[in-house]
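The values are calculated or read from the model by the stated rules, or taken from the named source; none is laboratory data. Nothing here was measured: the structure is a model prediction, and the numbers come from that model. Cβ sites come from the backbone with ideal geometry, for glycine too, and all protein chains shown count toward neighbours. Heads up: the accessible areas ignore ligands, DNA and RNA and are worked out on the full protein's heavy atoms, side chains in. Shrake-Rupley method; radii C 1.70, N 1.55, O 1.52, S 1.80 Å.
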Amino acid sequence: MKSGRGLKEHSASIGITLRILDATSIVAAGFLSFYLFFEHNFFGGYFYNNILIGVLMGQVAYSSLGAYQGWRGTNSTTEASLVFWSHIVTFLLIVLSAYVTQYGDSLPRMWVFSWFLWSLGFIALLRIAVRRILGYLRAKGRNIRRILLVGNGDLGQRVIKKLQLHPNLGLSVVGFVDDEATSEFVNPNYPILGSIDEIERIVQERAVDQVWITLPLGDVQKMEKVQSLLVTTTVTIRIVPDIFGFQLLNHSITEVAGLPLINLSTSPMLEGKNRVLKLLEDKVLAFLILLIISPIMLALAIGVKLSSKGPVFYRQERVSWNGRSFYMLKFRSMAVDSEADGVTWGGASDMKVTRFGRFIRESSLDELPQFINVLKGDMSIVGPRPERTIFVEQFKYEIPLYMKKHMVKAGITGWAQVNGWRGDSDLQQRIDCDLYYIENWSIWLDLKIIVFTIINGFFHQNAK
């Protein structure tokens, strides 16, 4: 098993290399920022002390938040998020320690801010370089982990096809073991090496690093047998759950009361740090945005009031998180009696819209009061657009997976909106975009959607 031991040692050396590069980046950025702002003027020994503290706090924060976890199978977006939040925690700890030691008042804020940006940039560039080098080496056959698959059915073939698409992961399938090999799946590149009873010998002879069980979920006895036969080895054993037939949404594995659970459909923002991050994002950004746009909202309120009789705001019942209803706020753009005869889907163009109302609808300025809904907790800044209760009751039976959009809070803007699916546009396309957002949610995706909304999201042909 020399190959497996060497790979573990190599993985450990990658972690050590990252720690050294991160520490070097923090030190180099600290000195660079000093020379940029202070022109070699010495301003006290605490300067060096803070750089040393930065290195120590960086190691603690990056390790605690998982920024040194294994890369094999981890995408670059996940790593970028881990590095970003670890870096923020690092500098919060630096500032906190400076005030605890009573050096906070004399610590130059511009130097700290510059130090933060330069060090983050250095760390990001070096990690990109390391990732590229590792990907190149793995694609060339170096730093490879050898995998044995148990079960050569449809699931095993799916695994091979997925791994073939990502040679940079360095995961190489040596073949299968199966008691009942399926002839239609026989592939000379991935041969049947023997039966499950022979698995221990095959693992030793083929220098296998990992065994992946790709059996149907009903073959529990075979799974237990594999684990029993490999109890005398140090090989890593993993199960690839056969869940491709299910309608999946943000699927993952969790543990409750010591019981392993496979999440087939769940929200990424229900609990844990994601819920806290989403809450902070909404509250902080909504408060700041309301401060900035308050003069605009005042002018729009005056415009609505002068353009027609009736209230400034229009309150409309909508459905948000977990199917709960709330009253969404808009600047009123229609005459007061526009909905006297009821509402119909796709009837926005037939409404009695005022001249000023048409302008604020086409420019989406009528949506600005919804930041108040965000502060109240009814909505998020980014999320699937909410729909009226009457239409939700209709569409949940007509549109596949329609209710899954309500697994997160409704938003002012969303992935569907920045991709052009707004207003009375195709419902299925909008739902597909909403489900993509829920499946791939991250703070980075939210910020991307916000930026796209600012750049090209205000005026659109479907914003009526």
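Distance check, please: which entries in 278/376; 162/409; 161/448 exceed 21 angstrom between their Cα atoms? From 278/376; 162/409; 161/448, over 21 Å: 162/409; 161/448. Of the residues 136, 397, the one with the largest accessible area comes first in the ranking 397, 136, computed with a 1.4 Å probe on protein heavy atoms.
Averaged per residue, segment 376-431 has 39 square angstrom of accessible surface, using a 1.4 angstrom probe with ligands and nucleic acids left out.
Surface composition of segment 381-438: carbon and sulfur atoms hold 53% of the protein heavy-atom accessible area at a 1.4 Å probe. Under 1.5 on a/c is rounded, so check that first for segment 410-453, then, if it is not, pick prolate when a/b is larger than b/c and oblate when it is not; a ≥ b ≥ c are the square roots of the alpha carbon gyration tensor eigenvalues. Oblate is the answer for segment 410-453, as a/c is 1.5 or above yet b/c matches or exceeds a/b. Per-residue 3J(HN,Hα) values for segment 386-394, derived from phi via the Karplus relation 6.51 cos²θ - 1.76 cosθ + 1.60 with θ = phi - 60°, read x, 10, 5, 4, 4, 7, 4, 4, 7 Hz in sequence order (x marks Gly and Pro).
Relative to the current alpha-carbon distance between residue 28 and residue 60, full extension at 0.36 nm per residue lengthens the span by 9.6 nm. The heavy atoms of residue 426 present about 80 square angstrom of accessible area, all protein chains included, probe 1.4 Å. Simple spin-label estimate for residue 224 and residue 440 gives 4.2 nm between the two label positions (7 Å along the Cα-to-Cβ direction from each Cα). For a modelled paramagnetic label at residue 201, 7 Å from Cα along Cα-to-Cβ, the residues of segment 155-181 in reach, with backbone nitrogen under 18 Å, are 175-181.
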